[in-house]
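All remarks here apply to the structure that follows.
Nothing in this text is a laboratory measurement; each read-out follows from the coordinates by a stated rule. Fair warning: this is a prediction, and the values are worked out from it, not measured in the lab. Cβ sites come from the backbone with ideal geometry, for glycine too, and all protein chains shown count toward neighbours.
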Amino acid sequence: MGEETTSLGGIHISPNAVATITYHATLQSYGVVGLAPKNLADGIVSTITRVPSHGVSVHYNGSDIDISIHVIIEYGTRINSVAESVANTVRFHVEKALGLRVNSVNVHVAGLRISDPD
Amino acid sequence: MGVDTARVEKFRRMPIDGQSLKRLVDAGLTWLRTNQQIVNSLNVFPVPDGDTGTNMVLTLQSAWNEIKDSGTHNVGEMAAAVSKGALMGARGNSGVILSQLWRGFSRGIHDKAELDAETLVKAFAEARDTAYKGVVRPVEGTILTVAKEVALATEAALGSTKDAIGILEVAVKAADDAVKKTPDLLPVLKQAGVVDSGGKGLFFILEGMIRHVYGESLESPTMTVQSMSAMNLQNALEEVEEGQDYEVVVDFVPQGELDLGSFYGRLEDMGTSIQVGEGDGMYRMHIHVPTEKRYEPIDYIMGIGTVTKVAIENLLAQMDDIQRSKSSQISFTTVEPGQIAVVTVSPGPGLSRIFASLGVAAVVSGGQTMNPSTQDILGSFENLPTDKIIILPNNKNIILAANQAREVTVKQVAVVPSRNVPQGLAAMLALTPEGELDAVVEKMNKAAESVKSGEITVATRSVEIDGVKVKEGQVIALLDGKLVAAARDVEHGVLDLLKKVKTEEHEIITLFYGEDLPHAEANRIADRVREQYSSLEVEVQEGGQPHYQFIISIE
């Protein structure tokens, strides 16, 4: 994806690169305590994943990027606002780093972590 | 504006109970709101969208709404209510963190009836701990760092400070210092020449509390000199007050040290929205003033330094531009489950806004070619929280795609086959969201049929249709889709079109002007129409559609 041809040759950006940027931007977002594997097969190893491509899926249709992220959020925060911030932050970082337009960022809240019940 | 010592002494002796905490929260909110634009202008991290101040104000406002009617004297209960309100209203990144700080603060004192120095320190510590738990990779140099420094400094001060007010003073000082250090911890702040916005917001909340104790004003913004690159004059425009018609920006080099206190004092006599920026010994002053005072700031500054550059702009003209650039932000009607939601295809931003104001739940942008796909239409309503959908295609070429969208969804969808925008608008006026779908569709169909629609555009080829000869490039007028006139300019196109309508049967003419037609020109043509049809009401609206200079609704 993200093909570009310059006078020196082609530039090819793989979905994994987008996933990695997304992963780091997500983990820096306040309220997110981890990414969750997006399917069961990935999830057998652990509930919180450290492999970017497990919690993030990236679709590219030739012009736009669609990103889905599966996150675990800290219990007690306003989930709506946290998810919105994640979407904003991810969009900003991916667009800034790659110069490609992000069409949509879908945030799936896969679970909550409860550190302090109240 | 000195400190009222007697008042402070009274506060020191008085324990902080629920009601005192309530007043402190109010003061924190008021002071934050007063300085909201400063906080917004600092916002470069994590996303530079200039909304940190607004988000924090809205979050704390929600907390205030939760407690404003509370009469409890128990400080633990009051803090719990603040925490709940902040959580419910948490907006944006900084708002979520602020709500977490309150959550921790409240947890630290949940079993206390009053705040003393020790409990307040414990509350600050809990606030920090809770806030840090909400993120895997805390970024230092943000509001989190400020909360941490406040907790550390107050813990250290506990030995020597015996009363809660003393601890609050330490907290304010620590927050101020921590905010100043944020650029050293977060490089992106240093590059932009700003301090962290969320941290600054937290500082304003704490400072507002202590200003309340000191009996200082919470209404006039703090006197600051920002870095020149951080001055956000665009934001200031949103705060234009009645009568402040001119924006004056003066760059200058002061003779000797600039005395901020008297500088601000003089400027406040002249106008509002004062901002002062500094970079490499050069200062920039920004102010909004009434027309008759537009030269005063310049004269004043010439007296205290060397003026290098002056810019005076008429704000009313600028406001128009801003309104235009805001065109993408449209707020649609929210639909409840079970209600009927209308989605519509719109050829231009102005028309989208008009449709939104009439209650549509979503707009499919028709694009340059007015040719959205079935998928586009489907996507517009699939996520709406209701199963009853009405589609207004507003173009005869889109009716087919709309019908296809109806075939492929599980939702109950009806298409009101509006062939143009005026029909769609007329149909919207007949909408009752709570009604039976079939009955509503019938009413909307009827309404759509009752309106006459005119379109003014430019012929793309030479042709003769229905006895009207048209040359390429000529202005043509269509009435209900039929070519009725060819004219030498837009004005004559409109007037010729109206001649073909039995205007005595109608009351209102609305002219939606397209993206190629200037606002002033549209108004001028509307005036000509008014002259000729004095019995009709003539309205002008921005349609923003491409290709068509005017879309005309005749009701």
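With coordinates expressed along the principal axes, the C-alpha atoms belonging to the stretch A:4-113 extend over 52, 29, 20 Å, beginning with the largest. Legend: Rg and Dmax of the stretch B:330-449, from Cα coordinates, 12.4, 35 Å.
Simple rule: put +1 on each Lys or Arg Cβ and -1 on each Asp or Glu Cβ in the stretch B:5-221, find the dipole, and look at B:Ile210, B:Leu158, B:Gln37; the Cα lying farthest toward the positive end is B:Gln37. Inter-label distance, B:Arg23 to B:Thr291: 4.6 nm, where each label sits 7 Å from its Cα along the C-beta direction. In a simple Cβ point-charge model (Lys, Arg +1; Asp, Glu -1; nothing else charged), the stretch B:5-221 has a dipole of about 120 debye relative to its Cα centre. Take B:Asp480, project a point 7 Å from its Cα along the Cβ direction, then tell me which residues of the stretch B:400-431 have their backbone nitrogen under 13 Å from it. Of the residues in the stretch B:400-431, B:419-420, B:423 have backbone N under 13 Å from the label point off B:Asp480.
Computed from the C-beta positions of A:Asp66 and B:Asn397 and an R0 of 25 Å, the FRET efficiency is 0.35 to the nearest 0.05.
From the Cα trace of the stretch B:83-130, what convex hull volume per residue do you get, rounded to a whole Å³?
59
With Cα atoms as the point set, chain B shows a radius of gyration and Dmax of 30.2, 98 Å.
Could you state the orientation-averaged shadow area of the convex hull built on the Cα atoms of the protein assembly as shown, in nm² to one decimal?
38.9
Here is how the number arises for chain B: DSSP H runs of 4 or more residues each give -39500 (n - 2.57), the sum is divided by the residue count, and the result at 222 nm is -15000 deg cm²/dmol.
Over 10 Å intervals from 0, what percent of Cα-Cα pairs in the stretch B:479-555 sits in each interval? Pairs per bin, as whole percents: 19, 58, 23, 0.
The residue list B:Pro187, B:Gly473, B:Ile16 was ranked by how far each Cα lies along the charge dipole of chain B toward its positive end, using unit charges on Cβ atoms, and B:Pro187 comes out on top.
Computed from Cα positions, the angle between helix B:117-133 and the longest principal axis of chain B comes to roughly 40 degrees. Calculate, in whole percent, how much of the Cα-Cα pair population of the stretch B:415-555 lies beyond 26 Å. Cα-Cα pairs of the stretch B:415-555 separated by over 26 Å account for 26 percent. Distance between the modelled labels on B:Lys411 and A:Ile11, one decimal in nanometres: 3.9 nm (7 Å Cα→Cβ projection).
Taking every DSSP bridge with both residues inside the protein assembly as shown, close to 65 percent are antiparallel.
Taking every alpha-carbon pair in the stretch B:5-221 and binning the separations at 5 Å intervals from zero gives 1, 8, 16, 22, 23, 16, 9, 4, 1, 0 percent. Normalised by residue count, the stretch B:22-124 yields a Cα convex hull volume of 90 Å³ per residue.
On the principal axes of its alpha carbon atoms, the stretch B:101-190 extends 42, 26, 15 Å, with the longest extent given first. Relative to the dominant Cα principal axis of chain B, helix B:519-532 is inclined by about 50°. Only the Cβ atoms of Lys and Arg (+1) and of Asp and Glu (-1) were treated as charged; on that basis the dipole of the protein assembly as shown about its Cα centre amounts to roughly 1380 debye.
Inter-chain neighbour count for B:93-101: the average number of beta-carbon atoms from partner chains within 10 Å of each residue's beta-carbon is 5. With a 10 Å cut-off around each Cβ of A:75-88, the average count of Cβ atoms from other chains is 6. To the nearest 10 degrees, how steep is helix B:75-89 against the longest Cα principal axis of chain B, on a 0 to 90 scale? Approximately 30 degrees, to the nearest 10.
Look at the dipole of the stretch B:392-458 built from charges on Cβ: of B:Thr457, B:Leu431, B:Ile398, the Cα furthest out on the positive end belongs to B:Thr457.
By DSSP, what percent of the beta bridges with both residues in chain B are antiparallel, rounded to the nearest 5? Expressed as a percentage, antiparallel bridges in chain B total about 70. You can think of it this way: the chain between B:Arg528 and B:Ile465 has 19.9 nm of extra reach, that is 0.36 nm per residue less the Cα-Cα gap.
Any lysines with Cα under 23 Å of the B:Lys471 Cα? List them, leaving off those in the same chain fewer than 8 positions away. Straight-distance partners of B:Lys471: B:Lys482, B:Lys499, B:Lys500. List the pairs from B:Lys388/B:Lys443; B:Lys68/B:Lys162; A:Lys38/B:Lys411; B:Lys396/B:Lys502; B:Lys10/B:Lys200 whose alpha-carbon separation is above 19 Å, in the order I gave them. Listed pairs above 19 Å: B:Lys68/B:Lys162; A:Lys38/B:Lys411; B:Lys396/B:Lys502; B:Lys10/B:Lys200. The mean number of partner chain beta-carbon atoms within 10 angstrom of a residue's beta-carbon across peptide B:123-132 is 1.
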